[in-house]
Structure formats: C-alpha cells, structure tokens
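The values are calculated or read from the model by the stated rules, or taken from the named source; none is laboratory data. Bear in mind that the values here come from a model prediction, so they are computed numbers and not experimental data. Cβ: placed from backbone, ideal geometry, glycine included. Neighbour counts: every protein chain shown.
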Amino acid sequence: MMTDKNSKLEHLIKLVEKIKDKELREKTIDLIKDPKLSSGWDYKASEFDEIPAWIGDHHGYRGGLLEHTISVTEMCIMLAEHFKKMYGREINIDYLIAAAALHDIAKVFEIRKEGDKFAFNNFIIDHVRVGASELYARGFPEEVVHIVGSHGGGDTPRTLEAIILNVADSLDASVENFGKDRTLLYLLGESLQ
C-alpha cells in the first residue's frame, strides 16, 4: 500500500497511461489532474487525493477517494484480463480504464474539506449523473459515459464493461467497509449476537 498521496496519484496516472487511444488517455488524465465542471455551476473542486470516497461510509477518510479509485481501476483491469482469458470475451479495456479512473470524479465537487473535517456541498444531483454529464460535455465516447452513468445505482448496466465496473466498485466498497457495518455481516450470514 502506498502512503504518499503524490505516489498514489502517480500510480493512478500510470494505470490510465495503459489506455492505448491517445485522445481518450489525455482527456482522462486532464480531468483527473484538473477537474472542472463544463456547466459553469459554481462548485469548487476539492483535491482528488485529499477527500474521502464518502462521509460516514466506505473509504471515509482523507485520501479515501483516490485509494478507492486505484483499487477499482486495478480490479477492472484484472477482471477484464480474466474474462478474456477464461471465456474469450472481448472487453474494451481503454473504455473500462477511463471509466474506472473517472467513475467517482464528480465527488470532488460533492465533498469539501472544512478544516480537519469533511462536509457535503449542497449538491442536489448525485455524483453519478454529474460525472456522466461532464464526460458527455467533454466528448468522451458514449460507452465510457454509459459505464460511469450506470455504476452505483445509476442506469442499468448494458455492456460487459459497465457490469465489470459495477461489480468492482461494489466489491471494493464492501471489502473496505467489512466489519464496520453489522448489517453487512448479517447479510453474509453472520450472527448479530
């Protein structure tokens, strides 16, 4: 596990550099390094490598968003390789890496740092829809917009890449949060006593 936030951000960029399509790779890196909303909405971006993935839930600590994003991206790559080898499935790894690296990018507008703590902005549209809308506005391929827009309870996943991201995202959040939530243990058949 990397502890230095700069090395973590560099690690995510190295994963994104595996994207063969130069334009997609550059768009993805640009958005990670300098997130801005094309809509003109007045939300200042928090530092991607500072904020939690969520407040009061999985990866709910400083740097949790970046750590979760790296883990999800690595899992997506691994699952894509596995399904190609196991079942001969053709998976667009470029689309999957871009979507995994950007799936929660809109959280930088949804969560802000207040001193030593974090708080939610008055964000009335969830990060899934804002993220997908931003990718659309920036001209990302429709498939990448769909993968991002269908994770975490968004639209129904309609591609293998979208299913892989959904599973990786959910699994990573559940594993990091395992044991913290008694409901999760109950669902897994553990005794609540």
Total residues in the stretch 19-42, condition surrounded by 18 or more Cβ atoms within 10 Å (Cβ to Cβ) and not basic (Lys, Arg): 6
Pair list, Cβ < 8 Å and 6+ apart or interchain, from the stretch 80-108 residues that are in contact (Cβ under 8 Å) with a residue 40 or more places away in the chain to residues that are among the aromatic types (Phe, Trp, Tyr) and not in a helix (DSSP H, G or I): ALA98/PHE140; ILE105/PHE48; LYS107/TRP54; VAL108/PHE48
Subset of the stretch 45-66 that is among the small types (Gly, Ala, Ser) and at positive phi - its residue that is surrounded by the most Cβ atoms within 10 Å (Cβ to Cβ): GLY63
Hits in the stretch 152-170 (condition: more than 21 Å from GLU90 (Cβ to Cβ) and either buried (at least 18 other Cβ atoms within 10 Å of the Cβ) or in contact (Cβ under 8 Å) with a residue 24 or more places away in the chain (or both)): GLY152, GLY153, GLY154, ASP169
Members of the stretch 81-110 found to be of a type in the set (Asp, Glu), surrounded by 12 or more Cβ atoms within 10 Å (Cβ to Cβ) and assigned to a loop (DSSP other than H, G, I, E, B), listed by number: ASP104
When residues of the stretch 147-161 are limited to those that are part of a helix (DSSP H, G or I) and over 12 Å from the mean Cα position of the chain (by Cα), the one farthest from GLU67 (Cα to Cα): LEU160
Residue selected from the stretch 7-24 under the condition in a helix (DSSP H, G or I) and in contact (Cβ under 8 Å) with a residue 24 or more places away in the chain, by the criterion farthest from the chain's Cα centre (by Cα): LEU24
Sole exception among (1) of a type outside the set (Phe, Trp, Tyr); (2) closer than 21 Å to VAL128 by Cβ; (3) touching a helix residue (DSSP H, G or I) at 6+ places or on another chain (Cβ under 6 Å) for GLU67, by number: (3)
Yes/no for TYR95 being of a type in the set (Phe, Trp, Tyr) and within 18 Å of ASN166 (Cβ to Cβ): yes
Some residue of the stretch 78-101 being of a type in the set (Asp, Glu), closer than 19 Å to ASP169 by Cβ and in contact with a Ser or Thr (Cβ under 9 Å, 6 or more places away or on another chain): no
Qualifying residue in the stretch 59-66 (condition: charged (D, E, K, R) and touching a Pro at 6+ places or on another chain (Cβ under 8 Å)): yes
Qualifying residue in the stretch 111-128 (condition: at pLDDT 95 or above and in a loop (DSSP other than H, G, I, E, B)): no
Any hit, the stretch 40-48, residues being part of a loop (DSSP other than H, G, I, E, B), over 19 Å from ARG129 (Cα atoms) and within 15 Å of the chain's Cα centre (by Cα): yes
